[in-house]
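Novice: Input: one structure, supplied below.
The values are calculated or read from the model by the stated rules, or taken from the named source; none is laboratory data. What you see is a predicted model; the values in this text were computed from it and never measured. Here the Cβ positions follow ideal geometry from the backbone for every residue, glycine too, while neighbour counts run over all protein chains shown. These accessible areas exclude ligands, DNA and RNA; they are computed on the full protein's heavy atoms, side chains included. Shrake-Rupley method; radii C 1.70, N 1.55, O 1.52, S 1.80 Å.
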Amino acid sequence: MVSHPLIELRGVSKRFGGVRALDDVSMTIESAQIRCLAGENGSGKSTLIKIISGVYQPDKGEIIIDGAPVERLNPASSMEHGVQVIYQDLSLFPTLTVVENLFLNTYLRERRSTVNWRRGREMAREVLARLDVDLDLDATVETLPTAGRQIVAIARAVLADARLIVMDEPTTALTAREVERLFRIVRGLQQQGIAILFVSHKMREMLEISEELTVFRNGQKVAEGPITHFDERAITLAMTGRHLNTGRFAAPAGADVQTPRLLIEGLSVGHEVHDVSLRLMRGEVVGLSGLIGAGRSTLAKAIFGLRQDVSGRIELDGERLAPASVTDAIDAGVAYVPEDRLSEGLFLTRSIRDNAIASALGRFAPRLWLQRNRARAATEKMFEDMQIAAPNTDVPVSILSGGNQQRVVIGRWLMTDARLLILNGPTVGVDVGSKEQIHGIIHDLARNQGLAVLMISDDLPELAANCNRVLTMTNGRLTGELSGERLTEDALESALAAVTREGGA
Amino acid sequence: MRVLRNSNVVIALILVAAMVVIGLINPAFWQLSNIFSLLKANVVIGLMALGVLLIMISGGIDVSFTAFAIAAMYLVVRTMVAIDYDGVILPFIFATAIGGLLGLMNAGIIHKFHMIPLIVTLGTASLVRGLVLGGVGTSNVNIDEMPPSLIELGRANIVTLERANGTTFGLTAMILVYAALAILIHLVLTRTMIGRSVYAYGADPEAARRVGFKTGRTMIFVYCTAGALAGFAGLLHSSMSWLANPRGFVGLELDVIAAVVLGGCSIFGGRGSVIGTVLGVFILVMIQNSLILMGIDMTWQRVVVGGVLISAVAITALRDRRSPA
Amino acid sequence: MMKGNTRGTEAADGKGSGPGRFLIRARADTNIQLGIICILIIILMTALQPRMFLSSYNFESMAFFMPELVLLSIAMMIAMLTGGIDLSIVGVANLAGIAAGTLFGFLAGEAGVGGLGTGAVILGVGVGLIVGVLAGLVNGLLISGLKITPILATLGTGQVFIGLCVVLTGGPAIVGFPSGWTWIGNGKIASIPVPFLLFVVLCVALALLLERTSFGLRLKLIGTNPKAAVFAGIRKGRMILWSYMLTGALAAMAGILLSARVNAAKSDYGSSYLLQAVLIAVLAGTNPAGGRGNVLGVALAVAALTLLATGLQMMRVSNHLIDFVWGAFLIAVIALNSLSARKGL
């Protein structure tokens, strides 16, 4: 008797209009296997998840579960087969308690019409014991930190008799220690025979936890095999289809004789950033790396006037900067490209022009009246400079691709008198071609307009290739600096790995 | 659950404090006849508030239920007068059903067209009121025409006491109906899956759908129950006031919503309890009815109610902001 | 609405230009549709009641009472631009009229308001507008300062404003305003009704304010994506405060017109205007979730509904049934918007 794989996809394809989201993809997941599915945004990962969970029907191809082909999988039957998906937003009920978040699912599956709280509590206690974690059962989920919520989501999936748990970017908002705990739980699940499909684009984590790796690009499977056959470079190559440019960006000459563009001394923000000092020169591109939760975004937000619980000193070209609001920061010459383009950066239904002039309304409407010709001309120029691919500047930004949307967000700051540009994840969700162009634009800005650039990124090759120096940050403090010959991906990686170990201890 | 219990404790403390203050200003507050009349004034608003509670837990809002109450009450009473019917049970069943059906209309429009409940219920309220006044009639059914059975019901007391001067006063039996329905709604909300689905939907509609709740059914349950409670309360009001006025209940929506918010319910959904709501209704009715006892002119009533609503939402807003989002 | 936006770069990358093009078209389309509806109603009513409907008297009377509804609807639309709503506009309108009326009573004393001159009337208008701005300020502070949901905040303040009306009047209406005041509501300049002139001037000014100034754009950006507005350096709290003050001032202006037209002010005048203002704002293509709305659409929507209502009145349909028609219209508009949006996507 041959043992069948848990789930097998054979030649699955899916189109949306003219776009081929998945093209003849085959993939196998065995019981108790930890597989990682990697790929850039738009590579078809999400479509695949939705096919496995029965949200989408494939146009072509077969889904085989436990050796038997399944016709028309729908969300309910997918769950009956033991597939549980944990989306990035976790789909929990924030105002309800941990207990209830855990048992609702099960009671629904059992088609109960009444609630037995005592049994629910027992089930919750049992499953948390099974995961070997300790949570306050009566706390409402909204009061838990992200990691705690994630555990609730995992426990809920286990309670629903999951045999395969799909986790979409599970480590995004976790600290190093929390990632460790997550991995411990995942290995525990594996020992109980549950298969895990990680969907991620973070290489370090893939390499640490996965046994098998599948890489998607443009809707096709481009690489697959045991994780031991891959290193970061190979994964990158598979994901992007090219060797990334590793040529280093030359440091601006004579940078040390001027007043620094940005000077920070002894800056502390809330409980997240402690005693940070740094300086950026004109034309310099400085990277800031570190794990999520290390305080990178908090630091950026403090400079941009989004935090008021700040102590210490910030100077821009020798002038004291203590922004009470974003408007103050912008007026002083700070520009910030936020982490989440869609929710923090763009006005999706508005035109490219409205998006572009949003931060420079004081300039284009000095006395309330909007000088439309000037605004139009300036937008057209930005449109050209940023090489945005769109019919014209009147179209809403919602129709643009991720790369072009990001150019609009960066281009917005060309309309202000920005002197310091802070980029938080400059190329997240941007296709490879656009990525290099955006890097080029950033370099031009630094070189020709003397901008100082602070680049926050999880993408180590990006940092290594584009920065003069890279600072590492851990638990709210700056812990190191790499520059010149010492600035390589490997060096960055080992610096961060050291941090992870420290954080885990 | 703990947060809920805490906020109920807070509401109860506010209630006790308010009672002490009013009692100090005018000891007449503590007279049994005053307490009885307060409890009586709780019944109709309270029943409607139970429905609004459901809607607000589900993250919606409703301003049409008073129109539904009028429609159910006026239609039923006019029909009873017209066919000379004199009974209690059937009329209440019909009033409840009319309210429920009108609620179904709300549920259908809100769920089907994904439209903001406030705007939908503004529309259905105008629609139903216009239809009743324009299509059924605008004249009151007064005590001389009212079916005696309804008046009889409205006059039923659990206890009847005699004042020193020989007049009597009593505690209305309708308070039992209110208590029974409050307990029923409480049990449904805490012990049944449909009740929990209301909380789940209010907390996150998309997550509720993903977990496998049939959210359409939840919406129907919520809006139909609210409509049915309003219809029932409408007829009860008519039988307790011995009058069927098709122009009545104007502006009562606000009192009811204020009471529910006062009871710790959040307009963002996912929170709220029957106990809190019952307390909230009591506080509101007590403040309204005690204005005269406290020597404040009745013209100030709406200012006070508005002020109470604003302070209640301000306090809940501050509370919600403190808990991390 | 925002929930959909935060999710999925992949969708935005893949789906192409369908929804986008729809959105651009939608606004122009709504106004053209509204224009067509107006014409259809005129044709229909003319066919049913040729003499009465086409009479100059009919159009003139519309020109007198339409402006107040337009102002209230624009006020509602402006509140909706930032994703809010203002349920207190009718209370503000009445309070403005009553405040002015109370002032006149106070100024005239025993002599009777008939003797009050232009100066007093201008003072009255000023007081009415100040009342509106202050009411809007209260709303704005509750909404942007205390972060209370607009629905509950304005529901509560609306009660307070109406309550203050009751307190000021003691219940009954204030009857009898100075002649200069009633001229605002009933007078004519070169045979054009004064309210209509005011309406045209205010509409043009507001249309310019919303379409051609940074103020209008900022409000729309806040309504489109409040978080991104903050990251773009727009002072959200302050803008919302301004927008509710403008809303309050417009509502007060409507109240001034109303009390001037009927020569009286009372706490419960115009209570059906609230629903109508919401209906008109939505009918005019305003997105109640924020970001979209325009003055011309509101004016056209009011024209369409006023034509319909007067036509129905001529056919001796009771006012109550007209309320029913309004409600039904609102639901129908919601249904149509939802269906066409679904088709567009």
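Novice: Rank C:F161, C:P150, C:A251 by how far each Cα sits towards the positive end of the charge dipole of chain C (+1 on Lys, Arg Cβ; -1 on Asp, Glu Cβ) and give me just the farthest.
Specialist: Value computed over the given set: C:P150.
Novice: To continue, here is another question. What average number of partner chain Cβ atoms lie no more than 10 Å from the Cβ of the residues making up B:104-115?
Specialist: 3
Novice: Please give the direction-averaged projected area of the C-alpha convex hull for chain C, in square nanometres with one decimal.
Specialist: Orientation-averaged projected area of the Cα hull: 18.9 nm².
Novice: Divide by every residue of chain C the summed helix terms, -39500 (n - 2.57) for each DSSP H run of at least 4, and state the resulting mean residue ellipticity at 222 nm, rounded to the nearest 500 deg cm²/dmol.
Specialist: Result for chain C, helices only: -25500 deg cm²/dmol.
Novice: Which peptide among C:290-301, C:65-76 comes first, and what is the full order, when sorted by highest mean count of other Cβ atoms within 10 Å?
Specialist: Top of the packing list down: C:65-76, C:290-301.
Novice: Can you pull the percent of the protein assembly as shown's accessible area that's carbon plus sulfur, 1.4 Å probe, other chains left in place?
Specialist: About 59 percent, which is the carbon plus sulfur part of the accessible surface.
Novice: Can you work out the FRET efficiency for the pair B:W30 and C:S271, with r the C-beta to C-beta distance and R0 = 35 Å, to the nearest 0.05?
Specialist: That gives a FRET efficiency of 0.40.
Novice: Sticking with this one: Please list the helices of chain C that count as membrane-span-like by this rule: a mean Kyte-Doolittle hydropathy of at least 0.5 together with Cα atoms stretching 20 Å or more along the helix axis, each helix being a complete DSSP H run.
Specialist: Helices meeting the span and hydropathy rule in chain C are C:18-48, C:56-81, C:89-108, C:118-140, C:150-169, C:194-212, C:236-262, C:295-314, C:319-344.
Novice: Could you state the accessible area per residue of the range C:2-344 in Å², with a 1.4 Å probe and every protein chain left in place?
Specialist: 38 Å²
Novice: Which three numbers, in whole Å and largest first, are the semi-axes of the equivalent ellipsoid of the range C:175-328 derived from its Cα gyration tensor as √(5λ)? Please list the in-between numbers first.
Specialist: Values: eigenvalues 195, 84, 44 Å².
Output for the range C:175-328: semi-axes of 31, 20, 15 Å.
Novice: Something else about it: Quick one: which of A:K60/A:K221; B:K112/B:K214; A:K435/C:K220; A:K301/C:K236; A:K14/A:K50 span more than 19 angstrom between C-alpha atoms?
Specialist: A:K435/C:K220
Novice: Based on the mean of other Cβ atoms within 10 Å per residue, sort peptides B:53-60, B:301-308 so the most packed one is first.
Specialist: B:53-60, B:301-308
Novice: If you don't mind, there's one more thing I want to ask. So how do A:400-413, B:127-140 stack up, highest first, on mean other-Cβ count within 10 Å? Before the final figure, lay out the partial values.
Specialist: Numbers: A:400-413: 23.9, B:127-140: 18.6.
In decreasing order of mean packing, A:400-413, B:127-140 become A:400-413, B:127-140.
Novice: May I pose another question? Subtracting the Cα-Cα distance from 0.36 nm times the residue separation, let me have the gained length for B:E206 to B:E152 in nm, one decimal.
Specialist: Here the answer is 14.6 nm.
Novice: Counting only protein heavy atoms and rolling a 1.4 Å probe, how much accessible area do C and B lose on contact, total for both sides, in Å² to 100?
Specialist: Result for this pair: about 3500 Å² buried.
Novice: While we're looking at this one, here's another question. Hey, rough spin-label estimate for B:N140 and A:R119, points 7 angstrom out along Cα→Cβ, what's it come to in nanometres?
Specialist: Between B:N140 and A:R119, the simple spin-label model gives 5.5 nm.
Novice: Output the residues of the range A:329-361 meeting this criterion: accessible area (heavy atoms, 1.4 Å probe) in the chain alone minus accessible area with all protein chains in place is 40 Å² or greater.
Specialist: Correct list: A:L342, A:S343, A:E344, A:F347, A:L348, A:T349, A:R350, A:L361.
Novice: Same structure again: For chain B, what is the charge dipole size about the Cα centre, in debye to the nearest 20, if Lys and Arg each add +1 at the Cβ and Asp and Glu each add -1 at the Cβ?
Specialist: On the way: 20 positive and 13 negative charges, 245 e Å.
It comes to approximately 1180 debye.
Novice: Next up: What is the magnitude of the charge dipole of the protein assembly as shown about its Cα centre, with +1 placed on the Cβ of each Lys and Arg, -1 on the Cβ of each Asp and Glu, and no other charges, expressed in debye to the nearest 20?
Specialist: The calculated dipole for the protein assembly as shown is roughly 1420 debye.
Novice: Show me the chymotrypsin sites (Phe, Trp or Tyr not before Pro) within the range B:19-88 that DSSP assigns to loop and that have at most 16 other Cβ atoms within 10 Å of their Cβ.
Specialist: Sparse-neighbourhood loop chymotrypsin sites (Phe, Trp or Tyr not before Pro): B:Y85.
Novice: Another question, then. Going from the alpha-carbon gyration tensor of the protein assembly as shown, what semi-axes, largest first and in whole Å, does one get by taking the root of 5 times each eigenvalue?
Specialist: Values: eigenvalues 607, 299, 165 Å².
So the equivalent ellipsoid measures 55, 39, 29 Å along its semi-axes.
Novice: What does the average come to when, for each residue of peptide B:294-301, you count the partner chain Cβ atoms lying within 10 Å of its Cβ? Before the final figure, lay out the partial values.
Specialist: On the way: counts 0, 0, 0, 3, 2, 10, 4, 4.
Taking the mean over all residues of the peptide, I get 3.
Novice: At what distance in nm do the modelled label points of A:I64 and A:R233 sit from each other, each positioned 7 Å from its Cα along Cα→Cβ?
Specialist: Here the answer is 3.7 nm between the modelled labels.
Novice: Further question on the same structure: Take peptide C:218-227, look around each residue's Cβ out to 10 angstrom, count Cβ atoms belonging to other protein chains, and average those counts. The partial results should precede the final answer.
Specialist: Working: counts 3, 0, 4, 7, 1, 2, 9, 11, 0, 6.
Mean number of neighbouring Cβ atoms from other chains: 4.
Novice: Kirkwood hydrodynamic radius, chain B, all distinct C-alpha pairs: what's the number in Å?
Specialist: Over chain B, the inverse of the mean reciprocal pair distance is 20.3 Å.
Novice: Could you name the aspartates and glutamates in cross-link range of C:K188, using Cα to Cα under 18 Å and dropping any fewer than eight places away on the same chain?
Specialist: Answer for C:K188, where 18 Å is the Cα cut-off: C:E60, C:E68, listed by chain and number.
Novice: Go through the range B:171-183 residue by residue and turn each phi into a ³J(HN,Hα) via Karplus (6.51, -1.76, 1.60, θ = phi - 60°); whole Hz please, and just put x for glycine and proline.
Specialist: Working through the residues one at a time gives 9, 4, 6, 5, 4, 5, 4, 4, 4, 4, 5, 4, 5 Hz.
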